[in-house]
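These notes are about the structure you will find just below.
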Amino acid sequence: MSESKHNDTINALKRLERAGDATSDANAKLVAAAKLLLRKIDAESRRHIGGWQPDPTTMIMPVEAAHEHGLRVLQGALPGEVTSAATVSGTSAGSMWQVHLDRVDRRVALSLGEAVAGGLMDSLADWAESRIQAAASATSAMGKAAK
């Protein structure tokens with residue numbers, strides 16, 4: 001191998017290493033941001049679910065909002081592999097999408113980012129407001145019936 005080709009190969013390897021480092025850093029920041037947002041969504045969602053106590057290692061949000069924005073139960077990359085990052089549980093507040101924080105990776109974070117860009121936060125606010133309105137209507141009806 002000529003000296004020039006050898007230097008080109010070494011330079012290409014160094015570029016590849018720098019790109020790998022940058023990708024690792026970007027992915028770590030992406031996953032950290034997704035986990036932070038999921039924790040905030042979880043804190044608000046838990047205020048509306050009554051007595052159901054989901055696994056504390058998971059973050060929750062209403063299935064309807066999650067599915068409306070393309071968030072689904074994520075399956076493994078290989079056929080038949082089941083390494084779900086999320087599951088669905090039924091509650092008195094409706095079905096909840098549970099995201100297992102230890103399984104949030106780049107794929108989950110990108111999916112969440114796309115959902116947020118597509119209006120997920122508005123859907124979650126609509127869900128919470130509809131629950132408030134339903135409770136107010138039920139309270140009013142019971143108050144009238146009790147008179």
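The values are calculated or read from the model by the stated rules, or taken from the named source; none is laboratory data. No experiment lies behind these values; they were computed from the predicted model shown. Positions of Cβ are backbone-derived with ideal geometry, glycine not excepted, and every protein chain shown enters the neighbour counts.
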Check on residue 68, modelled with pLDDT under 80 and surrounded by 15 or more Cβ atoms within 10 Å (Cβ to Cβ): yes
Just a yes or no: is a residue in the range 4-24 closer than 25 Å to residue 118 by Cβ, in a helix (DSSP H, G or I) and at pLDDT 80 or above? no
Can you find a residue that is within 19 Å of the chain's Cα centre (by Cα), at pLDDT below 85, of a type in the set (Gly, Ala, Ser) and in a loop (DSSP other than H, G, I, E, B) anywhere in the range 88-101? yes
Determine if the range 116-127 includes at least one residue that is modelled with pLDDT under 80, within 24 Å of residue 28 (Cβ to Cβ) and out of contact with any Gly (no Cβ under 6 Å at 6 or more places or on another chain). no
Which of the residues belonging to the range 47-63 are modelled with pLDDT of 75 or more, in contact with a strand residue (DSSP E or B) (Cβ under 7 Å, 6 or more places away or on another chain) and within 19 Å of residue 129 (Cα to Cα)? 60, 61, 62, 63
Residue 78: passes all of (1) surrounded by 12 or more Cβ atoms within 10 Å (Cβ to Cβ); (2) at pLDDT below 85; (3) out of contact with any strand residue (DSSP E or B) (no Cβ under 9 Å at 6 or more places or on another chain) but (1)
Cβ pairs under 6 Å, 6+ apart or interchain, first in the range 99-117 and more than 19 Å from residue 43 (Cβ to Cβ), second of a type outside the set (Gly, Ala, Ser) and surrounded by fewer than 18 Cβ atoms within 10 Å (Cβ to Cβ), ordered by first then second residue, are 106/27
